[in-house]
Amino acid sequence: MSPTIKLHDRHLNLLNNNNIGISKPKTELLHFKLKFRTKPIYHSDPLLSVAYNSTMHASSAHPPQSGVIKSSLIDPDGGALVDLVVPKSQRFAKALKAEALPKVRLTKIDLEWVHVVSEGWASPLRGFMREDQYLQSLHFNSLRIEDGSLVNMSLPIVLAIDDETKERIGSSNDVGLVGPDGNLVGVLNSIEIYKHNKEERIARTWGSTAPGLPYVEEVITPAGNWLIGGDLEVLDRIKYNDGLDHYRLSPQQLRKEFDRRRADAVFAFQLRNPVHNGHALLMNDTRRRLLDMGYKNPILLLHPLGGFTKPDDVPLDVRMEQHSKVLEDGVLDPETTIVGIFPSPMHYAGPTEVQWHAKARINAGANFYIVGRDPAGMGHPTEKRDLYDPDHGKKVLSMAPGLEKLNILPFRVAAYDTVEKKMAFFDPSRAKDFLFISGTKMRAYAKSGENPPDGFMCPSGWKVLVNYYESLQTEEASQQQAVLST
């Protein structure tokens, strides 16, 4: 039986095995020697001058037949985007209130979750989870909202506190939130404190309690034994002042930009690695297939994850520089691509986490979501195997409660074609002609200064990675020299 794409209440057969197309393509696959008309990627907030009035309407997988094209093709979960940033006129009063309350100190990753929740990525969630929400998320991967419907919520979004903080809060109904730098961030209202059963949380989220899970070791193991939930109010939009804030477009800003560009379909691609030509092949091929379906202006949301990642992942600033080269070189078309940073921390929780990644893009206005092999997965931390079945992520997305309105686009595997000397979709009939270059192998090439095969990545993007690893080696050598000289 051939795989299918789920398009709301109907299913359409895919082309051949694992094709993401709906109708027979009319043109050959894009070759990466072909260049789009290029423009530099924007280096300042492209939305500052956008004036916009939005009208939300129901999601549709079908291209509009007539009338004004709107990209708000999919309603946010709960029907309206959550925005928990206090209006300017109320900030002084709220800050005074927060100052007088017992305080909870946030870690850097806690602050990333404040960012996520406050901008509406987790709509309709309005704060850190209380116990009933936590249990629904942990055991059902979803939340039941007031109208009785379900929304997907596969990752618990919680705030941990220790015994000392719990005692300091006492009987207070509200607490002030203090950032890692000591500044007031906001208020958590109508709080509820409940037990943090770490083992249960880890086992149900990751399906494993093996040592070495990155998020567990960084966040959960050292966390307190209590969770505190409540309604969040944030005094000001979260900024990182790292030169990348103009890429951190909120769901509301993204929806405005889709409408400004008159998109009639939005397809999102989540990644935490540099973009190689295999990625670009599938993104360009996805757009071509949407055009074959009858859409006139599909827009790609290239959406790298910007929160916590494990130490051996390429840092966000390097990835963003590399992405900019991909657009400047015309591998992706800047006219039909929006680059933004998704502020969520990374769990590496496979099929459980990929639901969160897809759900958040619904709230950002995307009605198509590209999913590939082993999404949000990683190698087993203690055994030589994948932690998750590589195909389970896309299968789970096609069945996940609360994601029915999102069109899931599984993509074919791309590899380096040693005959054609370019990235191409894998052809099992001549498997010996293909070379698979993993993220680990790619990093090994860059660390050694060795070039990958021609056509694997645009040269300017590759140079960004080589320069990064050279700087690391220089820094390590300096540190070793300093140790030897002491």
field: Under DSSP loop assignment and at most 14 Cβ neighbours within 10 Å, longest chymotrypsin sites (Phe, Trp or Tyr not before Pro)-free interval of the chain
entry: 53-435
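What ranking do 218-225, 477-484 get when scored by the average of other Cβ atoms within 10 Å per residue, highest first?
218-225, 477-484
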- prompt: Ignoring any ligand, DNA or RNA, what whole percent of the accessible area of segment 246-475 comes from carbon and sulfur when the probe is 1.4 angstrom?
  reply: 50 percent
field: Rounded to 5, percent antiparallel among DSSP beta bridges of the chain
entry: 60 percent
- request: For segment 376-481, give the magnitude of the charge dipole about the Cα centre (Cβ charges: +1 Lys/Arg, -1 Asp/Glu; no others), in debye to the nearest 20.
  value: 240 debye
- request: Find the centroid of the Cα atoms in segment 288-351 and in segment 91-130, then give the distance between the two in whole Å.
  value: 27 Å
message: Show me, bin by bin at 5 Å from 0, the whole-percent P(r) of segment 246-475 based on Cα pairs.
response: 1, 6, 13, 17, 21, 19, 13, 6, 2, 0, 0
Cα centre as origin, Lys/Arg/Asp/Glu Cβ charges: segment 246-475 dipole, Debye: 540 debye
Distance between segment 178-197 and segment 384-438 - C-alpha centres, whole angstrom: 40 Å
query: the chain: percent of C-alpha pairs farther apart than 42 Å?
result: 17 percent
field: Estimated [θ] at 222 nm from DSSP helical runs (n ≥ 4, -39500 (n - 2.57)) normalised by residues in the chain, nearest 500
entry: -9500 deg cm²/dmol
field: the chain, dipole about Cα centre (Lys/Arg Cβ +1, Asp/Glu Cβ -1), debye to the nearest 20
entry: 1460 debye
task: Obtain the radius of gyration and the Kirkwood radius of segment 379-486 from its C-alpha atoms and give Rg over Rh.
output: 1.12
- prompt: What is the Cα coordinate range of segment 90-234 on the first, second and third principal axes, sorted by size from largest, in whole angstrom?
  reply: 44, 38, 26
field: Charge dipole of the chain about the Cα centre (unit charges at C-beta), most positive-ward option of Pro251, Gly212, Ala122
entry: Pro251
Exposure of Glu112 as accessible area (Å², to 10), given a probe of 1.4 Å and all protein chains: 0 Å²
Solvent-accessible heavy-atom area per residue, rounded to whole Å², over the chain at 1.4 Å: 45 Å²
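The values are calculated or read from the model by the stated rules, or taken from the named source; none is laboratory data. Here the structure is a predicted model, which is why all the values come from computation and not from measurement. As a convention, Cβ positions derive from the backbone with ideal geometry for all residues, glycine included, and neighbour counts pool all protein chains shown. Each accessible area value is taken on the protein alone, full model and side chains, heavy atoms only, with ligands, DNA and RNA left out. Shrake-Rupley method; radii C 1.70, N 1.55, O 1.52, S 1.80 Å.
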